[in-house]
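Written below as structure tokens is the structure these notes are about.
The values are calculated or read from the model by the stated rules, or taken from the named source; none is laboratory data. These figures come from a predicted structure and were not determined experimentally. Using ideal geometry, Cβ is built from the backbone for each residue, glycine included, and neighbour counts are taken over all protein chains shown. The protein model used for the area step is the full one, side chains on, heavy atoms only, and it has no ligands, DNA or RNA in it. Shrake-Rupley method; radii C 1.70, N 1.55, O 1.52, S 1.80 Å.
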Amino acid sequence: MSLTLLNFQGLRNLHAVEMAPSSRINVISGANGSGKTSLLEGIHILGMGRSFRTRQLKHAIQTDESHMTLYGRLSGDPEVTLGVRRLRAQRELELRLKGDKNARLAELVEAMPLQLINPDAFRLLEGSPAGRREFLDWGVFHVKHDFLPIWKRTRRALKHRNALLRRGRIQPQEIAVWEQELAIWGEQMDALRFEWFQDFLPVFEETLKGLLPLPGLSLHYARGWDKERTLANVLHDARQTDQQMGFTQQGPQRADLRIRIHKQPAVEVLSRGQQKLVVSALKLAQGRFLERRTQRRCIYLIDDLPAELDEKNRYQFCELLEDMQCQAFITSVEPSALRSTWKPDTCVNMFHVKHTKPGISQLVSDS
């Protein structure tokens, strides 16, 4: 599965984009601030319904434009069309999938699996557990079809229990109902996460070995509460302290992936280049695992690939990416840094983003 057509209107500083990308490697070069990352952002919004640069999508709309429209076409028989439209004056997204105006965001995410490798990806090592839970749940969502309804029910039960904890006086019968709900669905969510992690771990270890052998590096799944106790017992016993804090302190909402080297947090031991390779191994392993389980391939968005990687590591990364036979959109300030990196039989399209007038850039093909 790959994008065969992209058409963007009203996206940031980009002139109307019409792009027929390669099914394999697409390199987008241009000066800083020209709009390379904006192109990746548009693909991300198209497949995820949100930006990786701003929480408010209205900020991704080109100045003086009332809306932005993003359209894409995925290979297949028949091809799959998908679109996102965002009006500046409205908060809701208009989504379309295969011509259906009532498409749901989860359907859009499932139709076009995306993995992003950019400077923010370092948060998998140095950031809060929330980013690692998102990474974890992305993987589970794409291979466990019953995960989404369980995730929704868990969140609903957690929301109600937290609301009761903040109320002040609590009726034991009332909070017991939501504790039971949270315990039932939280345990099921944990089981799906753990099963996914057990299968994913060897794929990650294999991928990391191909990029950067790191003896002593370990990846562990922590479920968010005492592994020796049931969630129901934990919630019941913690009710008083949770009420004092005003929120549920233990549960699946506290799950984490712990990345360590010889029992120390990896972020405290690794160089910046090594961190990028570990993060890249996590992201690439997601795609490899997805393909092995579902025969579907991720599309990769890689912002400024050469940054923090020396020539040897850059070649290793690109070689692994080529072997995956996936589609990738890669940005770089210097096209020469990536032009000769690929094998002769790899289909590589080169694009350039250049300023055409103040505040506006245009994408042109260099292929």
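Computed over protein heavy atoms with a 1.4 angstrom probe, the accessible surface ordering of 137, 242, 237, 77, largest first, is 77, 237, 137, 242.
Please report, to two decimal places, log10 I(q)/I(0) for region 142-217 at q = 0.14, 0.15, 0.18 Å⁻¹ as given by the Debye formula with identical point scatterers on the Cα atoms and no solvent. For region 142-217 at q = 0.14, 0.15, 0.18 Å⁻¹, log10 I(q)/I(0) is -0.62, -0.66, -0.77. For region 90-226, a Kirkwood radius taken over Cα pairs fed into Stokes-Einstein (4 °C, viscosity 1.567 mPa s) yields D = 72 µm²/s. Of the residues 320, 35, 231, the one whose Cα sits farthest toward the positive end of the charge dipole of the chain, with +1 on the Cβ of Lys and Arg and -1 on the Cβ of Asp and Glu, is 231. Surface composition of the chain: carbon plus sulfur atoms contribute 47% of the solvent-accessible area (1.4 Å probe, protein chains only, all chains present). In a reduced charge model with +1 at each Lys and Arg Cβ and -1 at each Asp and Glu Cβ, region 205-342 shows a dipole moment near 420 debye about its Cα centre. Put simply, when 343-354, 278-289 are sorted by average Cβ atoms within 10 angstrom per residue, most first, you get 278-289, 343-354. Projecting the Cα atoms of 87, 350, 203 onto the charge dipole of the chain (Cβ charges, centred on the Cα centre) puts 87 farthest toward the positive pole. Between the listed residues 117, 173, 148, the Cα displaced farthest toward the positive end of the dipole of region 98-198, a dipole computed from Cβ unit charges relative to the Cα centre, is found at 173.
Given the convex hull over the Cα atoms of region 1-143, what projected area results after averaging over all orientations, in nm²?
If I average the Cα hull's projected area over directions, I get 9.5 nm².
In this structure the amide hydrogen of residue 4, modeled in the peptide plane, comes within under 5 Å of the amide hydrogens of 73, 74, 75, none closer than 5 places in sequence on its chain.
For the pair region 305-367 and region 38-59, the centres of their Cα atoms are 21 angstrom apart. Counting lysine pairs in region 150-263 whose alpha carbons fall under 28 angstrom apart, excluding pairs fewer than 8 residues apart on the same chain, gives 4. In the chain, the longest principal axis of the Cα atoms and the axis of helix 36-48 are about 50 degrees apart. Rolling a 1.4 Å probe over the protein chains gives residue 71 an accessible area of about 80 Å².
Taking the Cα centre of the chain as reference, the dipole from Cβ charges on Lys and Arg (+1) and Asp and Glu (-1) amounts to some 980 debye.
The mean accessible area for residues of the chain, using a 1.4 Å probe and ignoring ligands and nucleic acids, is 49 Å² per residue. Cα-based values for region 229-367, radius of gyration first and Dmax second, are 22.0, 65 Å. Based on the Stokes-Einstein relation at 25 °C and a viscosity of 0.890 mPa s, and on the Kirkwood radius from alpha carbon pairs, the chain is assigned a translational diffusion coefficient of 111 µm²/s.
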